[in-house]
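Colleague: Dropping the structure in here first, questions after.
The values are calculated or read from the model by the stated rules, or taken from the named source; none is laboratory data. Just so you know, these numbers come straight off a predicted model, no measurement behind them. Positions of Cβ are generated from backbone atoms using ideal geometry, with glycine treated the same way; all protein chains shown enter the neighbour counts. Calculation scope for accessible area: heavy atoms of the full protein, side chains included, ligands and nucleic acids excluded. Shrake-Rupley method; radii C 1.70, N 1.55, O 1.52, S 1.80 Å.
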Amino acid sequence: MNIFLRFVLRVAITIVMMVLGGRAGAAPPTDPSGTWLVEDGRARIRLERCGPSRDRICGFIVWMKEPADKHGQPYRDSQNPDPDKRARALLGHQLIMGLQATPDGRYAGDIYNAEDGRSYSVSLWRDSADRLKLKGCLIKFLCQTQTWQQTLDVQPGQLVGLTGDLNGPRADKEWAAVPAPKPIQAKAK
């Protein structure tokens, strides 16, 4: 397996961020939204609010140190169990799937590993204002924890657009839907 796919397995113990630009104020200390440089420096993951009520956390690969193979072709999600997703590029794809808040201030759920096409349990939390801890488990007692560093700069090749936009990551169908705003009722005079 190539180096990047092994990285994605490690990312299965990594994750996520939120678009910081255009947001008023800073995220609360427990909110993991933002862009994070993974521990080995090979990728940046953007964590952001997702789901119909925006109460979950999803994560996307928005930058890769090596986004293409030795032939210049983008790395693809070739091991995905969904045949419709096997041709998608790894850069920009969703790997954290709607983590839910837990009573202890963490977020827990699943992370997708493109190296083997499987999902694993993960939890993450802010360790400090600019550090995120991510704990991923293959099975309950076989876990690994990584520390991610928050980034505010933009690297060449980094996806900076909003999720779903041309220069942004792409959410999986179940997380892409944002509820339509309720129509404003005109008051009768």
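Colleague: Could you tell me whether Pro67 is in contact with a strand residue (DSSP E or B) (Cβ under 8 Å, 6 or more places away or on another chain) and at pLDDT 50 or above?
Modeller: Considered against the rule, which asks whether it is in contact with a strand residue (DSSP E or B) (Cβ under 8 Å, 6 or more places away or on another chain) and at pLDDT 50 or above, Pro67 comes out as yes.
Colleague: How many of the residues making up region 112-152 are open to solvent by 60 Å² or more (accessible area, probe 1.4 Å) and of a type in the set (D, E, K, R)?
Modeller: Number satisfying all stated conditions: 6.
Colleague: Please enumerate the residues belonging to region 47-63 that are open to solvent by less than 10 Å² (accessible area, probe 1.4 Å) and part of a strand (DSSP E or B).
Modeller: Leu47, Cys50, Ile57, Cys58, Gly59, Phe60, Ile61, Val62
Colleague: Considering only region 95-156, give the strands (runs of 3 or more DSSP E) lying wholly within it that have at least 1 residues that are within 23 Å of Tyr75 (Cβ to Cβ) and of a type in the set (Gly, Ala, Ser).
Modeller: It comes to 118-128, 131-139.
Colleague: Does Val160 fit the bill of being part of a loop (DSSP other than H, G, I, E, B), at pLDDT below 85 and out of contact with any helix residue (DSSP H, G or I) (no Cβ under 8 Å at 6 or more places or on another chain)?
Modeller: So Val160 fails the test.
Colleague: Go through (1) assigned to a strand (DSSP E or B); (2) touching a helix residue (DSSP H, G or I) at 6+ places or on another chain (Cβ under 7 Å) one by one and return the number of the condition Glu66 breaks.
Modeller: Status for Glu66: all satisfied but (1).
Colleague: Residue by residue through region 70-80, note down the ones that are assigned to a loop (DSSP other than H, G, I, E, B) and open to solvent by less than 90 Å² (accessible area, probe 1.4 Å).
Modeller: Correct list: Gly72, Tyr75, Asp77, Ser78, Gln79, Asn80.
Colleague: Of all residues in region 97-111, which are surrounded by 19 or more Cβ atoms within 10 Å (Cβ to Cβ) and of a type in the set (Val, Ile, Thr)?
Modeller: Listed by number, the list holds a single entry, Ile111.
Colleague: With respect to the numbered conditions (1) touching a Lys or Arg at 6+ places or on another chain (Cβ under 8 Å); (2) part of a strand (DSSP E or B); (3) under 23 Å from Asp165 (Cβ atoms), which one is the sole condition not fulfilled by Arg44?
Modeller: Unmet condition: (1).
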